[in-house]
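The values are calculated or read from the model by the stated rules, or taken from the named source; none is laboratory data. Values in this document were obtained by computation on a predicted structure and should not be read as measured data. Methodologically, a virtual Cβ is constructed for each residue, glycine included, from the backbone with ideal geometry; neighbour enumeration extends over all protein chains shown.
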């Protein structure tokens, strides 16, 4: 499952494509490597329209999986959004778009180790969006910080398409590339929105070079 992605597009492109009316990120910098439990931009529905803001990657973990753990590191990938735990966040108020320029899946090597393989759009356009959900939650995300209240997010996964399946056959993130898809995910009733939980069409992705860390 995807536990590493990058967002190196400029903020204006995100605002234009996702129809953002309010940017609350301040000076948004490129993020070549985004890992779980770190802050990254999302687009959500606000009181005055869509807003761009920073949130922490990893939705609340179901309580049954937290027994014996002092820290909730969060759930990054969500396969069944209609299950009892996730259903509370399936409505329009808790849907979000997660901008990305590339994402990584682990390739298992013959020696048992793994390496990240990066994927990006194959149509010359750099920016895409994960279909995500978000919530505000109080928990211990890092032991040193103690209990904090955070805006958290995760994104849906589905069956792998041809390109991703060659490396990681189990699943891939739900990726939206068309303006009408973004509008459906952010505005449509649950049944219509969840029809977007499908693999990106074969041929839409290609392996790309790893993003370069900022110097």
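Could you pull out the residue among 32, 60 that is closer than 27 Å to residue 106 by Cβ, modelled with pLDDT of 95 or more and either surrounded by fewer than 18 Cβ atoms within 10 Å (Cβ to Cβ) or touching a helix residue (DSSP H, G or I) at 6+ places or on another chain (Cβ under 9 Å) (or both)?
From the options 32, 60, the qualifying one is 32.
Give me the residue from region 159-179 that is touching a strand residue (DSSP E or B) at 6+ places or on another chain (Cβ under 6 Å) and within 29 Å of residue 71 (Cβ to Cβ) and, out of that set, surrounded by the most Cβ atoms within 10 Å (Cβ to Cβ).
173
Among 121, 108, 115, 212, which is over 19 Å from the mean Cα position of the chain (by Cα), in contact (Cβ under 8 Å) with a residue 12 or more places away in the chain and more than 30 Å from residue 88 (Cα to Cα)?
212
How many residues does region 55-69 hold that are in a loop (DSSP other than H, G, I, E, B) and in contact (Cβ under 8 Å) with a residue 60 or more places away in the chain?
2
Quick one: which of 194, 156, 200, 182 is in contact with a strand residue (DSSP E or B) (Cβ under 9 Å, 6 or more places away or on another chain), part of a loop (DSSP other than H, G, I, E, B) and closer than 27 Å to residue 52 by Cβ?
Matching residue, one of 194, 156, 200, 182: 200.
Could you tell me how many of the residues in region 72-105 are in contact (Cβ under 8 Å) with a residue 40 or more places away in the chain and under 16 Å from the mean Cα position of the chain (by Cα)?
So the count comes out to 23.
With under 16 Å from residue 185 (Cα atoms), over 14 Å from the mean Cα position of the chain (by Cα) and at pLDDT 95 or above as the only criterion, which of 22, 51 stands out?
After applying the criteria, what remains is 51.
Table: residues versus (1) exposed (fewer than 14 other Cβ atoms within 10 Å of the Cβ); (2) outside any loop (DSSP other than H, G, I, E, B); (3) on the phi > 0 side of the Ramachandran plot; (4) in contact with a strand residue (DSSP E or B) (Cβ under 8 Å, 6 or more places away or on another chain).
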position	(1), (2), (3), (4)
44	no, yes, no, yes
53	no, yes, no, yes
71	no, no, no, yes
80	yes, no, no, no
98	no, yes, no, yes
104	no, yes, no, yes
120	no, yes, no, yes
130	no, yes, no, yes
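Per-residue answers, yes or no, for (1) under 16 Å from residue 95 (Cα atoms); (2) more than 11 Å from the chain's Cα centre (by Cα); (3) without any contact (Cβ under 8 Å) to a residue 40 or more places away in the chain:
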| residue | (1), (2), (3) |
| --- | --- |
| 131 | yes, no, no |
| 135 | yes, yes, no |
| 140 | no, yes, no |
| 143 | no, yes, no |
| 149 | no, yes, yes |
| 156 | yes, no, no |
| 170 | no, yes, no |
| 174 | yes, no, no |
